[in-house]
Amino acid sequence: MISGFLNWLHGLCLSIGDYAMALFYARIVPEWRVVLVIYLIAAALLGSAFLAATIAETRRHKMKLHFLLGLLIPYIYPFILALRLKVAREVVEVEEEIDPLRDLSDAMTARLKDIHATRERERAEKQTVRRPAAVDDAHETAEPAAVEPPEPAEPSIFNRRYFEELAVDSSGARVGPFRLTMQNGSVFTVTRINNIQNDMASFEVEVSGKLKNIRIKYSNVTAFVKTA
């Protein structure tokens with residue numbers, strides 16, 4: 001039906017062309033305004049038809065039916081088509097690949113796994129049989145070693161009272177400098193002791209020629225000696 005209509009449309013265009021050529025040879029001057037109006041109407045109708053066909057093609061539908069409907073219902077049908085037509089799903093047929101050696105390969109793999117499991121089981125049984133009995137006797141007769149309690153740690157001499165005694169002299173003046181050594185091996189030159197608290201103190205140290213205040217816990221101090 002659609003192909004017949006398209007053939008008819010093609011024949012109509014050829015007939016119009018032949019009619020125009022006959023008028024030209026007969027030197028008949030047409031009314032150009034009428035011709036222009038007819039041309040514009042035909043262009044508008046064909047534009048609607050091609051627009052509908054293009055929308056259908058982009059959404060994977062057949063173009064001929066939508067071309068005809070776009071020609072019969074100009075611009076209204078393409079507008080509705082653009083809003084309502086969904087993308088058609090592509091039907092992809094996937095043929096399963098048949099590997100004639102797949103079953104043979106699976107059988108060989110299963111056989112190798114069985115052989116490996118059997119060998120591992122035999123190896124474990126041999127190791128169990130060859131274990132010397134002396135080892136079992138030693139485990140049975142061994143007496144647990146006496147665990148000596150850990151010696152109590154000696155109390156650290158670095159506490160609040162220690163640094164309060166070193167911070168100032170008998171006249172109340174600040175004393176320094178000192179050499180401070182920490183547990184991680186860091187060594188600082190302390191110019192004076194500023195703020196002394198229960199578990200830490202603030203020290204004024206010299207780092208790269210500049211004085212900085214740092215707080216250090218007494219538990220991290222391993223040595224604190226006056227250098228001058």
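The values are calculated or read from the model by the stated rules, or taken from the named source; none is laboratory data. The model shown is predicted, which means the values in this text are computed figures rather than measured ones. Here Cβ is always computed from backbone atoms with ideal geometry, including for glycine, and neighbour counts include all displayed protein chains.
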Query raised in the report: So how many residues does the stretch 180-195 have that are surrounded by 14 or more Cβ atoms within 10 Å (Cβ to Cβ) and either out of contact with any Ser or Thr (no Cβ under 9 Å at 6 or more places or on another chain) or modelled with pLDDT of 85 or more (or both)?
Result: 9
Report summary line: Checked the stretch 179-198 for anything within 11 Å of residue 163 (Cα to Cα) and in contact with a helix residue (DSSP H, G or I) (Cβ under 8 Å, 6 or more places away or on another chain); matches are 192, 193, 196, 197, 198
